[in-house]
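Taking it in order: structure first as structure tokens, then the write-up.
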Amino acid sequence: GYCEHYASAFAVMMRMAGIPSRVVTGYQGGWYSEIGNYLLVRQSDAHAWTEAWLPGKGWTRVDPTAAVSPLRVERGSRDALSTPRSLLDFDWVRTLSNGVDLVEQRWNDWVIGFGAQSQARMFSRFGLEYMSPVVLMSLLSGVLGIAALVMAPWLCRLIGQVDKNPVALAWRVFLRRLKKAGYQPQPSNGAMELATAAAVYLPASTEEIYHIAVLYNRHRYAVEPPPQGELESAVKCFRPKKYRQVNVI
């Protein structure tokens, strides 16, 4: 950019005057992340200046761009220019890009760079400077155990609510009676598929089996399900006789 152009021209002028000089490139400016506690420097923060060898002082920085754009030297290119430096040089784009960089930095620190030393000092903020793998695993197991105990009542209550569902309870009673009668229901079968298979084994109870399966489907999927007690009553009356295979000679 213009920084390197002016620095090169100034270095040539000093060499013509017999003063040793050189062009130095680097970065000026950047964005400091208070959350991540690091300075983010991008290519747009690149800068070039001149250094001259002065007797008694050595290499001394001389920045010719200060005469062209003093704000560029004092505050960096982003604050010095009143217009965007590129098509995407807007505040909201920079904020989004800075946020993405912070996420990447956290990923590098806590996932990619999370080695044995980081694991051993994971609880250093709590006064535990170093822990062996055995102590660390014991501590994590204890934390998981406490979390499981805290969540256990909630899980039991949730499972209990499922078990107390009248439709589910009636259907499980129906399945148990099918097993008792000699037919083994398959978990993958839907209600009507199960009824079709069960009717083959229990032909005398075909009408009752299909009636219960239809009621169950209506309770599960119909916009207006039948009365709650209708399925329970049908299952309660379902008393199939045990299937006996008769060999025909």
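Across segment 223-247, which residue is surrounded by the most Cβ atoms within 10 Å (Cβ to Cβ) among those that are in a loop (DSSP other than H, G, I, E, B) and modelled with pLDDT under 85? Looking at residues that are in a loop (DSSP other than H, G, I, E, B) and modelled with pLDDT under 85, I get Tyr243. Looking only at residues of segment 26-42 that are open to solvent by 100 Å² or more (accessible area, probe 1.4 Å) and without any contact (Cβ under 8 Å) to a residue 40 or more places away in the chain, we find that the one that is nearest to Arg94 (Cα to Cα) is Tyr32. Assess whether Leu149 counts as being open to solvent by 60 Å² or more (accessible area, probe 1.4 Å) and at pLDDT 80 or above. Yes: the conditions hold for Leu149. Which of the residues belonging to segment 43-62 are open to solvent by less than 30 Å² (accessible area, probe 1.4 Å) and touching a residue at least 24 places away in the same chain (Cβ under 8 Å)? If the condition is that a residue be open to solvent by less than 30 Å² (accessible area, probe 1.4 Å) and touching a residue at least 24 places away in the same chain (Cβ under 8 Å), then Asp45, His47, Ala48, Thr50, Ala52 are the ones that fit.
For segment 204-222, the tally of residues that are open to solvent by 60 Å² or more (accessible area, probe 1.4 Å), within 19 Å of Arg172 (Cβ to Cβ) and over 40 Å from the mean Cα position of the chain (by Cα) stands at 4. Scan segment 13-25 for residues that are at negative phi and surrounded by fewer than 12 Cβ atoms within 10 Å (Cβ to Cβ) and the total you get is 3.
The values are calculated or read from the model by the stated rules, or taken from the named source; none is laboratory data. None of these values were measured; they are calculated from a predicted model. Glycine gets a Cβ as well: all are built from the backbone with ideal geometry, and neighbour counts include every protein chain shown. All accessible areas refer to the heavy atoms of the entire protein, side chains included, with ligands and DNA or RNA removed. Shrake-Rupley method; radii C 1.70, N 1.55, O 1.52, S 1.80 Å.
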